[in-house]
Every structure is written in C-alpha cells, then in structure tokens.
1. Taking only segment 82-96 into account, find how many residues are surrounded by 15 or more Cβ atoms within 10 Å (Cβ to Cβ) and either in contact with a Leu (Cβ under 7 Å, 6 or more places away or on another chain) or not hydroxyl-bearing (Ser, Thr, Tyr) (or both).
2. All but one of (1) modelled with pLDDT under 95; (2) surrounded by fewer than 22 Cβ atoms within 10 Å (Cβ to Cβ) hold for PRO21, so report the exception by its number.
3. For segment 1-18, enumerate the residues that are more than 13 Å from the chain's Cα centre (by Cα) and either surrounded by fewer than 24 Cβ atoms within 10 Å (Cβ to Cβ) or modelled with pLDDT of 95 or more (or both).
4. Just to check your reading of the model, which residue among LEU99, LEU76, LEU69 is over 30 Å from PHE143 (Cα atoms), touching a residue at least 12 places away in the same chain (Cβ under 8 Å) and crowded, with 16+ Cβ neighbours inside 10 Å?
5. Quick check: anything in segment 137-148 surrounded by 13 or more Cβ atoms within 10 Å (Cβ to Cβ) and assigned to a loop (DSSP other than H, G, I, E, B)?
6. Pick out the one residue from LEU270, LEU222, LEU228 that is of a type in the set (A, V, I, L, M, F, W, C), assigned to a strand (DSSP E or B), touching a Pro at 6+ places or on another chain (Cβ under 8 Å) and farther than 29 Å from TRP171 by Cα.
7. I'm trying to understand the selection: among the residues of segment 150-176, which are in contact (Cβ under 8 Å) with a residue 12 or more places away in the chain and open to solvent by 60 Å² or more (accessible area, probe 1.4 Å)?
Amino acid sequence: MKRIITIFFSAIISANIYSQPPALPPTNLGLANIYDGVAGKPGFVYQGYAQLYQTNRIYNANGDNTGSLLKVNSLLSLHQLIYLTPVKVLGGNLGFTVLVPIVRITATNTAGPAPSVNPDAVGDIVQGTAIQWSDRKLFGKVFWHRLEADVNIPTGSYNSNYAINASSHLWAIGVYHAFTLFLNKNVTLSARNQFNYNFRIIDKPDKPGACYNGNYSIDVSLLKDFKLEVAAYYLTQITEDSYDGDHNYYQNRYQLSTTKERVLGFGPGLAYFLPGGILIEGKVFFEAAAKNTSQGTRPTLRIAIPFPGKEK
C-alpha cells in the first residue's frame, strides 16, 4: 500500500447565525479520514482540500428546527504544506505543517434580510508541530499514530462591519491524536480526536467555549489501491461561551438554555492510491443531531502529493 503523510489541522466555516453568542472558530470536520494516522518517509507533502457546505436547516439549543429560511453556504479551498523531519523525538519523527484556507461564503434569506458577508476570502493561517510514530504494533496489528499541537493565527480577512468573516479574529490552540490501525490486509480503522481552546475575540469581550471534534472511518479494499470507506465526524462544545469572563451572560441576556454547539456528520467515501503515494479521497457527509448551529451536507475532496526526501 502506498503511504502518505497526513499531519494537519484543518479549517471549515461555521456560523452561529441565529443567536447572539460567538460562533465556534473553524475546525476539522471530515477533511481527512482514511489513513489519517499514516505517514511516509521524511520529506515534504502537499495536501489540497475542497469542501462545499450547504445549509439545510438551523437548530436551536434544544435541537429543534427553528424554521429559519436563512442559508449560509461556503466553498473552502485549503492548502497545506507538511514537512516530516528525520529528527527523532520520543521515538517518533518530528513534523511541521502550515495551512492556508481560502473560503467563499454566501448568505441568503428568502424570508428577510441576510447577514452581511465579508467578500475577502483568506482564512486564518494554522501552524502545527507533531510527532509521528510509524509502523508500530497494537494488539499484534500494524499501528501508525501521531500527536500534534496547532495554533490558529488570526491573520485572515476580518472586518467588524460584516456579520460573517473568513477569519475568526482570535487565537486558538488545538491538540489532537490521530491513528490508523490495520485490522488485516484489506481493512483499516482510522480516527482523530481533537480538543480546542479558544481565546477572546480580539478587541472584544466575547469568548467561544472549548470544544471537541473527531473524525472517524473504516475502509475496505475493493481493489488493490481502491478503497470504499464509511466516514464520520462529530463536534461538541464542552464549555459555555462567555462574555467578559461571565459564562452565564448569554443565557441570562437572551434566555438561552445553553450556548453549546453540536453536530454529527456521516457518509460514504472512496479513496484511490496512485503511483508515488498520491492519494485522492472523496466523501459526502450528511449532518444530523445539530444544536445551536446549522445542519447540512458537506461534499469533500482531498488530494495528497508526497515529495519524500532521503532519511539520514
């Protein structure tokens, strides 16, 4: 099987558009699933992602459909450069990554005014540092895994005159563990578990709560280099949003039971490994179980192109 590096933190656009609390910043929802814990030899990898998000419904804090006709859709183009070094740390290879998102957002509302959208499309840069452990064993099975810390740097397009921006305009830290377990020569299991801490929005007292997001997949070989997968993602907010340090502010001011967001996405996917370790992965996710956020569909395409160097 061809092997590639998949060390990354990713970005999507999500807007909490029907209530007053700040929306959670972008995080990785289904951008990479299959072989997420696998890496190749030290060297560079380019990964490109395209993800379309289409809103179907908007749900309140109780998980009820609000009936809103507001649609906020986005098209993400994410560009990532990865470098896996030959340097050993804790028995694994040290790695670095940088991601630059470009996102086009539209907002429409057939029942009234829609929120204004910043036409500038550059999102926040993300820098990650990782340790990759390759070709290990777990329960006698081949096991690859990675631990990574990421920093969201508020460098993207932001203008307070717009309700929706490509940048979250805040600093955030994410830590995740990703793995791939080879159950046999035809079936693999992959997962990523990530925790995110958000700081205050710059020059504002608003602070989104901490959250967890995970990506999961199981795949089976249809042909030697052609795989069918069932993939999923899950996002749940752990702590309430706060205003000037008050975690009950939004509940008291806007009579909300909670400000915590939640959404589940799942769907089928296909992946093909080309010569040289190039991977193409395509999926479509259908969302459910949403609270305090929108629910929709999320077609996703990923391509990974390794440029391996020589091990020292």
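1. 8
2. Unmet condition: (2).
3. Residues satisfying the conditions are MET1, LYS2, ARG3, ILE4, ALA15, ASN16, ILE17, TYR18.
4. None of the other options fit; the residue is LEU76.
5. Residues of segment 137-148 surrounded by 13 or more Cβ atoms within 10 Å (Cβ to Cβ): 141-148.
Now narrow it down to the ones that are assigned to a loop (DSSP other than H, G, I, E, B): none.
No, segment 137-148 contains no residue that is surrounded by 13 or more Cβ atoms within 10 Å (Cβ to Cβ) and assigned to a loop (DSSP other than H, G, I, E, B).
6. Numbers: LEU270 fails: touching a Pro at 6+ places or on another chain (Cβ under 8 Å); LEU222 fails: touching a Pro at 6+ places or on another chain (Cβ under 8 Å).
Of the residues listed, the single one that is of a type in the set (A, V, I, L, M, F, W, C), assigned to a strand (DSSP E or B), touching a Pro at 6+ places or on another chain (Cβ under 8 Å) and farther than 29 Å from TRP171 by Cα is LEU228.
7. From segment 150-176, those in contact (Cβ under 8 Å) with a residue 12 or more places away in the chain are 150-159, 161-176; that's our starting set.
Matches in segment 150-176: THR155, TYR158, ASN161, TYR162, ALA163, TRP171, ILE173, VAL175.
For every residue, the table says whether it meets (1) touching a helix residue (DSSP H, G or I) at 6+ places or on another chain (Cβ under 7 Å); (2) of a type in the set (A, V, I, L, M, F, W, C).
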residue	(1), (2)
PHE226	no, yes
GLU229	no, no
ILE238	no, yes
TYR243	yes, no
HIS247	no, no
TYR250	no, no
ARG253	no, no
VAL263	no, yes
LEU279	no, yes
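The values are calculated or read from the model by the stated rules, or taken from the named source; none is laboratory data. Being a predicted model, the structure only gives us computed values, none of them experimental. Glycine also receives a Cβ, built like all others from the backbone with ideal geometry; neighbour counts cover every protein chain displayed. SASA here: full protein model, heavy atoms, side chains in, ligands and nucleic acids out. Shrake-Rupley method; radii C 1.70, N 1.55, O 1.52, S 1.80 Å.
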